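Worksheet for the structure shown next.
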Amino acid sequence: MCGVVGIYDNEEVIGKIYNAVLTIQHRGQDSAGILTYNGRYHLKKGNGLVRDIFDQGNIARLRGHVGIGHTRYPTVGEGSVEDAQPFWINYPFGIAGAHNGNVTNFFELKKELFEKSHKIINSNCDVEVILNIFAEYIERFKSQEITPEIIFNAVKYVYKRVKGSYSVVLHIANKGMVAFRDPYGLRPLIFAQNGNGADANFAFASESVALDAMGFTSHEDLAPGSAIFINNDRQVFNKVLTKKPFRPCIFEYIYFARPDSNLNGINVYRARQELGNKLAKKIKKLNIEVDVVVPIPDSSRTAAIEIGKVLKIKYREGLVKNRYIGRTFIMPGNKVRRKSITHKLNPIRDVFNGKNILLVDDSIVRGNTSRSIIQMVRNAGAKKIYFASYSSPLTNPCVYGIDMQTKNEFVATNSTNDEIAEKIGADIVIYQDLKDMEMAVRKQNKNIKSFCKACFTGIYPTNDVSLKMLEKIEEERDIIREKQENNNEQDNS
């Protein structure tokens, strides 16, 4: 999962785009980058957090009224600085871009571009493939005026060849900015405009909070399979290019997106409230004796408050979070995650001592976090620990941009709730029902008939995910993970 931002403005954009990438830091902590344009491209990117990559010197040279920003955690490649986004190519015209998602046929396209078009893809970042395929179509018209129709046909050409999930923002030097969303709308992308005519400013972002940070007061979601092109005269062209079933990722609302974001006409905070409401009704039927409801910060707080309210049970903040530790779910390698968990949270003993505790989390993925927290709470004196997840059991790999790509990672794979409870050390584990989970999220937008729930069901909406592909991805990720953990051990030795 990554975060992407694009802005086409009437003034220097670096201040706005820097603020925007800070607001989407939660979507990726491995690397970040900003590219600007003022007749030439200026680029700064690196590994680490936004605040550590950019200093006064490189911010001063990022000049221009056009910018693209990105935060990344890797799902393809090893996450080296060469894979950090944005990317740009110099022909035709000069095209720069960044994306959020995961191209499932990346390695096949990389090989094909070299063998048939003699183009070297110099990274393991899938946006470089998207850029080159888009450019391959534009090349045919390099001596003509680049019209909206040519741009839209280039996006169709990408749709024809690129599989998986992708929300893309591109800039074509001296031609304009184009953004598009994959045919199923798996990954979010939002468009905003301030003003009209020659004074108009435009922006795109993965989440609405980034648009808020740039001063855009209203916005709209790009439709799945659609593109928006803004030319140099600041004319906006919008077109739906293909019709597939809309399948936005439900995990955005469960964990990834910020609660103050709106995605696909759904406010994330209200979705999590409703998830808590649904789960509370299920817990109520169990007739378990609970003294205190405690969230595992931060994403589960909204649902936990609602659970406490519905059950009429005290809600308490029992786990204090170290704000300087990143999101453990998206950290590379299990050993790093386990080590980070012990530094991330500390219990308030008075909240837990001698009480039956209902711990609420957004999900249980590998079980590392859950197991460590439960042990921490037991050590703080809890009598019983009931562990509630406001999502259903995660059991299947995600191939669309979330780093859980091997089936054997999931604690819930081929396990009953009692077996999961034993694995993570809880007295009882309670999961949200799949139907209730989907109903809770789509309550605000009934036009969404269904979400991508592949990580819960094993049903992949793009219909191009084979067992062979999953086995290959699993093999590649195991190799990468082993390298990451070996590197981490060397760094700590």
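The values are calculated or read from the model by the stated rules, or taken from the named source; none is laboratory data. Model, not experiment: these values are computed from the prediction. Positions of Cβ are backbone-derived with ideal geometry, glycine not excepted, and every protein chain shown enters the neighbour counts. Just so you know, the surface numbers come from the protein's heavy atoms only, side chains and all, with ligands and any DNA or RNA stripped out. Shrake-Rupley method; radii C 1.70, N 1.55, O 1.52, S 1.80 Å.
So for segment 129-148 (the condition being touching a residue at least 40 places away in the same chain (Cβ under 8 Å) and over 30 Å from Gln235 (Cβ atoms)), does at least one residue qualify?
There is no residue in segment 129-148 that is touching a residue at least 40 places away in the same chain (Cβ under 8 Å) and over 30 Å from Gln235 (Cβ atoms).
Could you list, in sequence order, the residues of segment 172-216 that are over 22 Å from the mean Cα position of the chain (by Cα), of a type in the set (Gly, Ala, Ser) and farther than 15 Å from Asn238 by Cα?
Scanning segment 172-216 gives Ala173, Gly195, Gly197, Ala198, Ala200, Gly215.
Looking at (1) buried (at least 21 other Cβ atoms within 10 Å of the Cβ); (2) of a type in the set (A, V, I, L, M, F, W, C); (3) out of contact with any helix residue (DSSP H, G or I) (no Cβ under 6 Å at 6 or more places or on another chain); (4) at pLDDT below 95, which is the only condition Phe107 fails?
Of everything listed in (1) buried (at least 21 other Cβ atoms within 10 Å of the Cβ); (2) of a type in the set (A, V, I, L, M, F, W, C); (3) out of contact with any helix residue (DSSP H, G or I) (no Cβ under 6 Å at 6 or more places or on another chain); (4) at pLDDT below 95, Phe107 misses just condition (1).
I'm trying to understand the selection: among the residues of segment 7-37, which are within 12 Å of Ala213 (Cβ to Cβ) and of a type in the set (Phe, Trp, Tyr)?
Tyr18
Would you confirm, using the coordinates I've provided, whether Gly265 is within 21 Å of the chain's Cα centre (by Cα) and either surrounded by fewer than 18 Cβ atoms within 10 Å (Cβ to Cβ) or hydroxyl-bearing (Ser, Thr, Tyr) (or both)?
Against the criterion (within 21 Å of the chain's Cα centre (by Cα) and either surrounded by fewer than 18 Cβ atoms within 10 Å (Cβ to Cβ) or hydroxyl-bearing (Ser, Thr, Tyr) (or both)), Gly265 qualifies.
Is it the case that Phe114 is of a type in the set (Phe, Trp, Tyr) and open to solvent by less than 30 Å² (accessible area, probe 1.4 Å)?
Judged against the criteria, Phe114 is not a match.
Output the residues belonging to segment 30-62 that are among the aliphatic types (A, V, I, L, M), touching a Gly at 6+ places or on another chain (Cβ under 9 Å) and not in a helix (DSSP H, G or I).
Residues satisfying the conditions are Ala32, Ile34, Leu35, Leu43, Leu49.
Which members of segment 383-396 meet the condition of being within 19 Å of Lys453 (Cβ to Cβ) and in contact with a helix residue (DSSP H, G or I) (Cβ under 6 Å, 6 or more places away or on another chain)?
Once the filter is applied, which keeps residues that are within 19 Å of Lys453 (Cβ to Cβ) and in contact with a helix residue (DSSP H, G or I) (Cβ under 6 Å, 6 or more places away or on another chain), segment 383-396 yields Tyr390, Ser391, Ser392, Leu394, Asn396.
Can you tell me how many residues within segment 345-382 are buried (at least 24 other Cβ atoms within 10 Å of the Cβ) and of a type in the set (D, E, K, R)?
Residues flagged as buried (at least 24 other Cβ atoms within 10 Å of the Cβ) and of a type in the set (D, E, K, R) within segment 345-382 amount to 1.
Search segment 88-99 for residues that are crowded, with 17+ Cβ neighbours inside 10 Å and pair each with any residue that is of a type in the set (D, E, K, R) when their beta-carbon atoms are under 6 Å apart and the residues are at least 6 apart or on different chains.
Pro92/Glu139; Pro92/Lys142
Would you mind stating whether Asn379 is modelled with pLDDT under 95, under 30 Å from Pro347 (Cα atoms) and not aliphatic (A, V, I, L, M)?
no
Within segment 1-26, can you find the residues that are open to solvent by less than 10 Å² (accessible area, probe 1.4 Å) and modelled with pLDDT of 95 or more?
Passing the criteria: Gly3, Val4, Val5, Gly6, Ile7, Asp9, Val13, Ile17, Ala20, Val21, Ile24.
Of all the residues that make up segment 155-179, how many are free of Cβ contacts under 8 Å to residues at least 60 places away in the same chain and touching a Leu at 6+ places or on another chain (Cβ under 9 Å)?
Counting residues in segment 155-179 that are free of Cβ contacts under 8 Å to residues at least 60 places away in the same chain and touching a Leu at 6+ places or on another chain (Cβ under 9 Å) gives 3.
Taking Met404, is it out of contact with any Phe, Trp or Tyr (no Cβ under 6 Å at 6 or more places or on another chain), open to solvent by less than 10 Å² (accessible area, probe 1.4 Å) and touching a residue at least 40 places away in the same chain (Cβ under 8 Å)?
The answer is yes for Met404.
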